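The values are calculated or read from the model by the stated rules, or taken from the named source; none is laboratory data. Every value quoted in this text rests on a predicted model; they were computed, and no experiment measured them. Backbone-built Cβ (ideal geometry, glycine too); neighbour counts: all protein chains shown. Ligands, DNA and RNA are excluded from the accessible area calculation, which covers all protein heavy atoms including side chains. Shrake-Rupley method; radii C 1.70, N 1.55, O 1.52, S 1.80 Å.
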Amino acid sequence: MRANRRSFIKYASLAAAGNAAGLRPFGMLNALAQSATDYKALVCIFLYGGNDANNMLIPFDTTGYNNYATLRGPLALAQNTLLQLGPTPTFALNPNLPDIQTLFNSKNAALVANVGTLVQPLTRTQYLAGQTAPTNLFSHPDQQLEWQNAAASGATPTGWAGRIADVLGANYNQSATIPMITSVAGDTLFCNGTSTTPVSVSPGNLSGATCSEGTNVCAAQQASAQALLTFSSGISLVQADDTITANAYNYAKTLSDAVQSVSPLKTVFPANNGLAAQLQQIAQIIQVRAALGVQRQIFFAGIGNFDTHADQLDLQSALLAQISPALAAFYAATQELGVQDNVTSFTMSDFSRTFQPNSNNGSDHAWGSHHIVLGGAVKGGQMYGTFPTLALGGPDDSGSNGRWLPSTASVQYAATLAQWFGVSVSQLSTIFPNIGSFGSNNLGFL
């Protein structure tokens, strides 16, 4: 059994030392010489629960808005509250995304329309005729996994970030003291590869363990937990996980020492904002990239719950009001560090919501969604992909209530990000086995 089995220890591996941040070993590194010294980072922000993209990006021209308002009924946002996009004036953003509007207008952010999980390109006619579609559509756990593994089924045991780390480990981070991938939002499939695994940290707790009994007691508990790791049980399973836990402590100390060795960032992140806390932690780790010996990093953050079956307007507004300033602060932090052109952030989500509202002033599980890509390398101020025809039972509806058939596959979205990160065209099929089913492997937003 592999010593890096997913989820075995998570945070529980450090339970003896109190409430801990579980970290996991990178695995065996290829011994080939390092061939690149430039730095790049990808930052995934997962919108758990299925963000209603229909109320994130809205038609703003008279005909388009009137059609939107008629079909959305009680979920329609007033036109005079929407944030018109300067470079694409026939579209506007949700009123709770003013920072994203500013970043889009300054060409530091782009929007990618109607993206979703696909096995192959699919029309309404083909879908209704039963041609191949992803498994378990409209299911939260399955679609979260399929977005994270860029595969046709949630059963695929590795994520596309993990597979990138598998492939690029031969060229980057050969002197690194931590893994290529860091999650600040727990254990996720996205981060797991075949030969590589991530480090997982709790924002604001890089030291690796805390407890409520006082400094001396905490120190004694942590020392006891570490001492247990040297005990030879003779049982391979236990000893394998002792190795995992030992590495967890080592990574915690490495990160903590590195961050404490530099002056705090001057960028102010919003208080009482969970996503902002995660992104601030990511910015701090990027700040000490040289000390960690990394040239490539992938980060995973998350926010929820976007599963708005009822009271959608208030619930989504509150969530988007956290996302907008958090992303703006993170971009400002990359500017402060001089790496805004080297860090690309992007959103993913289970799916969008039905365009037609339900009876509880909410909406139900759908399919194709719109996403935000942010960073100095982004060809911003543009919308990529094809915006769906907003017609119930229309050419882009998989049924009759506005579950948009994706016009762009999530694997194409992922492959575009991967190529900017350093994956070659020849390596794409290793990471994304079904990318050849689509006409383009690069959407052009980077």
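Pick from segment 429-446 the residues that are among the hydroxyl-bearing types (Ser, Thr, Tyr) and without any contact (Cβ under 8 Å) to a residue 40 or more places away in the chain: which of them is most open to solvent (accessible area, probe 1.4 Å)?
First pass over segment 429-446, keeping only residues among the hydroxyl-bearing types (Ser, Thr, Tyr): 429-430, 437, 440.
So of that shortlist, the ones also without any contact (Cβ under 8 Å) to a residue 40 or more places away in the chain come out as 429, 440.
Details: SER429: 71, SER440: 44 Å².
Per the stated criteria, the residue is SER429.
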Using the structure shown, decide if ALA150 is on the phi > 0 side of the Ramachandran plot, out of contact with any Cys (no Cβ under 6 Å at 6 or more places or on another chain) and at pLDDT 90 or above.
-> yes
Segment 394-424, residues that are in contact with a helix residue (DSSP H, G or I) (Cβ under 7 Å, 6 or more places away or on another chain), farther than 18 Å from SER345 by Cβ and in a helix (DSSP H, G or I) | VAL411
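Could you say whether any residue in segment 399-411 is over 28 Å from ARG72 (Cβ atoms), modelled with pLDDT of 95 or more and surrounded by 16 or more Cβ atoms within 10 Å (Cβ to Cβ)? Let's see the steps before the verdict.
Of all residues in segment 399-411, those over 28 Å from ARG72 (Cβ atoms) come to 411.
From what's left, modelled with pLDDT of 95 or more: 411.
Pick out the ones that are also surrounded by 16 or more Cβ atoms within 10 Å (Cβ to Cβ) and you get 411.
Within segment 399-411 (the criterion being over 28 Å from ARG72 (Cβ atoms), modelled with pLDDT of 95 or more and surrounded by 16 or more Cβ atoms within 10 Å (Cβ to Cβ)), the answer is yes, since at least one residue qualifies.
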Taking segment 83-141 and the residues there that are closer than 30 Å to GLY436 by Cα and touching a Lys or Arg at 6+ places or on another chain (Cβ under 8 Å), the one that is surrounded by the most Cβ atoms within 10 Å (Cβ to Cβ) would be ALA110
Hey, any hits in segment 266-284 for a residue that's of a type in the set (Lys, Arg) and over 20 Å from the mean Cα position of the chain (by Cα)?
-> yes
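Give the residues of segment 60-73 that are within 23 Å of ASN401 (Cβ to Cβ) and either surrounded by 12 or more Cβ atoms within 10 Å (Cβ to Cβ) or at pLDDT below 95 (or both), sorted by residue number.
To start, the set of residues in segment 60-73 that are within 23 Å of ASN401 (Cβ to Cβ) comprises 63-73.
Matches in segment 60-73: GLY64, TYR65, ASN66, ASN67, TYR68, ALA69, LEU71, ARG72.
Working only within segment 142-194, note down all residues that are in a loop (DSSP other than H, G, I, E, B), under 17 Å from VAL119 (Cβ atoms) and open to solvent by 10 Å² or more (accessible area, probe 1.4 Å).
Start the filter on segment 142-194 by keeping residues that are in a loop (DSSP other than H, G, I, E, B), which leaves 150-159, 169-180, 184-188, 192-194.
Filter once more, keeping what is under 17 Å from VAL119 (Cβ atoms): 150-156.
Once the filter is applied, which keeps residues that are in a loop (DSSP other than H, G, I, E, B), under 17 Å from VAL119 (Cβ atoms) and open to solvent by 10 Å² or more (accessible area, probe 1.4 Å), segment 142-194 yields ALA151, ALA152, SER153, GLY154, ALA155, THR156.
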May I ask you to say which residue of ALA333, ALA301 is in contact with a Ser or Thr (Cβ under 6 Å, 6 or more places away or on another chain), at pLDDT 95 or above and surrounded by 19 or more Cβ atoms within 10 Å (Cβ to Cβ)?
-> ALA333
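For segment 336-372, which residues satisfy the criterion of being within 15 Å of the chain's Cα centre (by Cα) and part of a loop (DSSP other than H, G, I, E, B)?
Restricting attention to segment 336-372, the residues satisfying the condition of being within 15 Å of the chain's Cα centre (by Cα) are 343-351, 369-372.
Across segment 336-372, the qualifying residues are ASP350, PHE351.
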Would you check if there is a residue in segment 319-330 being open to solvent by less than 10 Å² (accessible area, probe 1.4 Å), part of a loop (DSSP other than H, G, I, E, B) and either of a type in the set (Val, Ile, Thr) or out of contact with any Asp or Glu (no Cβ under 7 Å at 6 or more places or on another chain) (or both)?
-> no
Given (1) aliphatic (A, V, I, L, M); (2) modelled with pLDDT of 90 or more; (3) assigned to a helix (DSSP H, G or I), where does VAL262 come up short, assuming only one miss?
-> (3)
Which of (1) in contact with a Ser or Thr (Cβ under 7 Å, 6 or more places away or on another chain); (2) more than 30 Å from GLN281 (Cβ to Cβ) does LEU85 not meet, given it meets every other one?
-> (1)
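Can we say THR308 is open to solvent by less than 10 Å² (accessible area, probe 1.4 Å), without any contact (Cβ under 8 Å) to a residue 60 or more places away in the chain and more than 30 Å from TYR172 (Cβ to Cβ)? Before you say what the answer is, go through the steps one by one.
Numbers: open to solvent by less than 10 Å² (accessible area, probe 1.4 Å): yes; without any contact (Cβ under 8 Å) to a residue 60 or more places away in the chain: no; more than 30 Å from TYR172 (Cβ to Cβ): yes.
Considered against the rule, which asks whether it is open to solvent by less than 10 Å² (accessible area, probe 1.4 Å), without any contact (Cβ under 8 Å) to a residue 60 or more places away in the chain and more than 30 Å from TYR172 (Cβ to Cβ), THR308 comes out as no.
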Kindly indicate whether any position in segment 37-51 is modelled with pLDDT under 95 and open to solvent by 30 Å² or more (accessible area, probe 1.4 Å).
-> yes
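For the condition touching a Gly at 6+ places or on another chain (Cβ under 6 Å) and over 30 Å from THR197 (Cα atoms), what is the one hit in PHE351, PHE355? Steps first, answer last, please.
Values: PHE351 fails: over 30 Å from THR197 (Cα atoms).
Going through PHE351, PHE355 in turn, the sole match is PHE355.
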